[in-house]
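Here the structure is laid out as structure tokens; the discussion comes afterwards.
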Amino acid sequence: MLNLNASAFSPDEKNKPGDDKKSKAKREDTTKMVMNLEPIADLEGEETDTTEISFPSHDLYASWDTNTAHPYNFSESFKEDSVTIILTQGEDNCFVLPYKGGLTSLFGWRKYRPHYGTDIDLETGDSVLACFDGMVRVAKYYRGYGNCVIIRHKNGLETVYGHMSKLLVESGQELSAGTLIGLGGNTGHSYGSHLHFEIRYLGQALDTQDFIDYEKGDLKSNSFVLRKSDVTSKYDLRALHTRHKNDLMARKYGSRYPAKGGVYRVRSGDTLGAIAKRSGTSIKSLCKKNGLRPTSTLRIGQRLKI
Ligand SMILES: [Zn+2]
């Protein structure tokens, strides 16, 4: 039964019957969110500067978007080699496990798509809790995530909670670790009740198991060092998958068929389709890189950029 809980969805899949147009039209003006915040006490003699009404980690993120799950581009916005993320500080800033249950699916590549979260087994109606202090950025039904809450935290992370049956918070709501945010469920792209839980930094999904000891129900450490090299080697699932595919091709066909970025010398009997397939690329890409048409005749000895 438990195995049924594994969902296989990627909220970032471009070819899903998405609702891009709708969500763009409905995109909220973020100034509205400012209005919704609790008014700051007007201190005598001190200017009330509205820019001080800030969302958690506003210095790190370019926007506060209550409609789009992941509008951030990690590679564009992360310019350092590494960053130390302070996860908890003092007693006020603690960590709470969103739900204590068995893990049914981990961070990694599924057969056809990346799985950016960790799936935690639960029953529909079980309480799902915020794991750090923060502010709710997104709380709505969102494509494959189903009923979904995304919280921006003071430590710079964002956490995502998907497939819930009921949402109990709304955008702009400030909350502390352990706040009940919704009830577990089976909405969106999900087969069987479970919580899809993600930790992201500037939009880049990270493996929650690098942060959390699920057996103990606690953080592995009070801080987390994120290196750009870790993103390349562990977290960028699409790039990893492409490299893996290229490696498999190289093993299968030898170095005769180079991976992307290499050069190939056309041999007798070659076709664009066969070269593309064996090099892990497409005819379209080969044509573009080499100024060819799909119907072009190849010459023996011709050099093709792969
Ligand atoms: Zn999942």
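A few comments on the model shown:
- Taking amide H atoms as placed 1.01 Å from N in the peptide plane, the amide H of residue 179 lies under 5 Å from those of 130, each 5 or more residues away in sequence or on another chain.
- Residue exposure sequence - 303, 227 - by fewest surrounding Cβ within 10 Å: 303, 227
- Label-point gap, in nm, between residue 252 and residue 209 - each point 7 angstrom along Cα→Cβ: 2.7
- The modelled label-to-label distance for the pair residue 232/residue 265, using points 7 Å beyond Cα in the direction of Cβ, is 3.0 nm.
- Relative exposure of 131, 287, 148, judged by other C-beta atoms within 10 Å (fewest first): 287, 148, 131
- Ordering of 235-241, 188-194, 215-221 by packing [mean C-beta count within 10 Å, highest first]: 188-194, 235-241, 215-221
- Here the spin labels are modelled as points 7 Å beyond Cα on the Cα-Cβ line, and at residue 287 and residue 73 they lie 2.7 nm apart.
- Gained length - residue 123 relative to residue 220, 0.36 nm times residue gap less alpha-carbon distance: 32.3 nm
- Full-extension gain in nm, residue 302 to residue 180, via 0.36 nm per residue minus C-alpha separation: 37.5 nm
- Per-residue HN-Hα couplings for region 169-177 [Karplus 6.51, -1.76, 1.60; θ = phi - 60°; Hz; x = Gly/Pro]: 9, 9, 3, x, 6, 7, 8, 10, 3
- Per-pair calculated FRET efficiency, R0 = 41 Å: residue 85 and residue 295 via Cβ, rounded to 0.05: 0.20
Each value in this text was obtained by applying a stated rule to the coordinates, not by laboratory testing. Everything numeric here is computed off the predicted structure, so don't read it as measured data. Because the Cβ atoms are built from the backbone with ideal geometry, glycine has one as well, and the counts that use them run over all protein chains shown.
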